[in-house]
Amino acid sequence: MGARLASPHGQSGGKAAFEAEALSSVDSLYRTALRLTRVPADAEDLVQDTYLKAFRAADSFEPGTNLRAWLFTILHNTARNRIRDRARDTVTVDSETVEQAAEQPSFSNGGPVPTPETLLLNEALTPELQSAVDHLPDAFRQVVWLRDVEEFSYAEIAAMLGIPVGTVMSRISRGRRLLFERLKHLQPAHV
Amino acid sequence: MSDCQSIDLLVTPFIDGELPAQDRERVERHLRVCAPCHSRVDAERTVRTLMKGRQSLFKGESAPVALRVKCAGHCGMAAAGHALKSRWRRVMPLAAAAVIVLGAGGVLLYQATSRSARVMAAELAADHVTCFAIHASRIEQSADAVEAAMMATFGWTVDLPEGGDDELELIGSRPCLYGGGRIAHIMYRHRGEPMSLFMLPKASYDREMFETLGHECAIWSSGDRTCVLVSREAPAEVARLAAQVQPTFH
Ligand SMILES: [Zn+2]
Ligand SMILES: [Zn+2]
């Protein structure tokens, strides 16, 4: 974006640059929102709300930090608040069960492990992988998505989800292992 | 805690390359002697590699055009609707309808009805957002260069006003597509805010101004050409700017 963004317009030039850069994240915010809500109309709503809040709070963004991570944090906070509002009276056991599941180490019971190459060459994988990701419990899907698709750091993910870094790691670990259990049958039989 | 259990906590950061060298060596030493841990690391690494390798599969989905435009409309949060003292006729917004027709194409360019003015304004507001996001940082033209481009592309002799306003900065021009034809898109910044002046050949519209997709659009005709000014500033300011940037055609 270069020179013009730093042009001598003081506040407002900086603001336009900030807005343009923020808007360039709309695709990844939308995809992530879709994973959170599973309903396109809700995802659109969530993304719009995120931009509304982001532009209103533009002054609280620290220049030099990751704008994309900041937007994702707003997106996840907004999503959490909505869930809280909707389910004020419902007891949700999800996060607790999730933590317990994460504690149990899952040892694969020996046997040959498919290499990435053998799995990657398997054409049947595309729909299987998508479906496996979609079927992960929410808490695991979120962290695996943010790490392996959106490539955020542990610290950034921890800030987005409001959980400790250690929990981020154990959820990523558990999520990936669950994915592996779902996908390992795709290895060629003769391996 | 057994060795295997303590190693287990390090497996994920080990795979993601987020372990300090000392811990990394510890994990590597253990993996050389422990087959179960080794196969667990392989399994998790396989999934990590797979997900990375298939990122494009997950990133194929992009945001709908209407969502893009709506989000852009939240920029600036401009104060709405002062009373207008000028000769602009301000029409009520039709944002919802305009969003639906976006991207549908096939709009009649030269039909000068009030509805088509709104449709046109919505499409030009969308083009305004897109062009600023994609092109504004790469264009830098003087007024002379823009006038030369108008001549070369459209055969128009256009005098752009010199301005005399320190807050108005000319960025440059682009030939943009609209309704199957080419139109001139001149980009400015006013107090740093994106502002577009579009010029359409052979079209005539009533002088109108309305809000669409979070932008204020002023439309007027001069000779057989129509100008459209798009910005997120307040209506009174847009009316003033329209008078200021009004080009003269020869
Ligand atoms: Zn071990
Ligand atoms: Zn354009």
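The values are calculated or read from the model by the stated rules, or taken from the named source; none is laboratory data. Just so you know, these numbers come straight off a predicted model, no measurement behind them. Here the Cβ positions follow ideal geometry from the backbone for every residue, glycine too, while neighbour counts run over all protein chains shown.
A few points about this structure:
Yes or no, residue by residue, for (1) away from ligand 2 (no atom under 14 Å from the Cβ); (2) buried (at least 18 other Cβ atoms within 10 Å of the Cβ); (3) in contact (Cβ under 8 Å) with a residue 40 or more places away in the chain:
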{"site": "B:151", "(1), (2), (3)": "yes, no, no"}
{"site": "B:170", "(1), (2), (3)": "yes, yes, no"}
{"site": "B:173", "(1), (2), (3)": "no, yes, no"}
{"site": "B:196", "(1), (2), (3)": "no, yes, yes"}
{"site": "B:202", "(1), (2), (3)": "yes, no, yes"}
{"site": "B:215", "(1), (2), (3)": "no, yes, yes"}
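- Matching residues, the range B:38-50, being surrounded by fewer than 21 Cβ atoms within 10 Å (Cβ to Cβ) and more than 8 Å from chain A (Cβ to nearest Cβ): B:38
- Taking the range B:1-14 as the range and being closer than 26 Å to residue A:153 by Cβ, surrounded by 12 or more Cβ atoms within 10 Å (Cβ to Cβ), within 15 Å of ligand 1 (Cβ to nearest atom) and not hydroxyl-bearing (Ser, Thr, Tyr) as the test, the residues that pass are B:7, B:8, B:9, B:10, B:11, B:14.
- Picking from residues in the range B:1-37 that are in a helix (DSSP H, G or I) and at the interface with chain A (Cβ under 7 Å from one of its Cβ atoms), the one that is farthest from residue A:28 (Cα to Cα) is B:36.
- Out of B:70, B:52, sole residue that is closer than 30 Å to residue B:211 by Cβ, outside any loop (DSSP other than H, G, I, E, B), charged (D, E, K, R) and more than 16 Å from ligand 2 (Cβ to nearest atom): B:70
- Residue list for the range A:137-151, restricted to those being within 11 Å of chain B (Cβ to nearest Cβ) and buried (at least 16 other Cβ atoms within 10 Å of the Cβ): A:143, A:144, A:145, A:147, A:148, A:149, A:150
- The range B:116-160: number of residues that are within 16 Å of residue B:65 (Cβ to Cβ) and among the hydroxyl-bearing types (Ser, Thr, Tyr): 1
- Hey, residue B:238 β-branched (Val, Ile, Thr), buried (at least 18 other Cβ atoms within 10 Å of the Cβ), at pLDDT 85 or above and not in a strand (DSSP E or B) or not: yes
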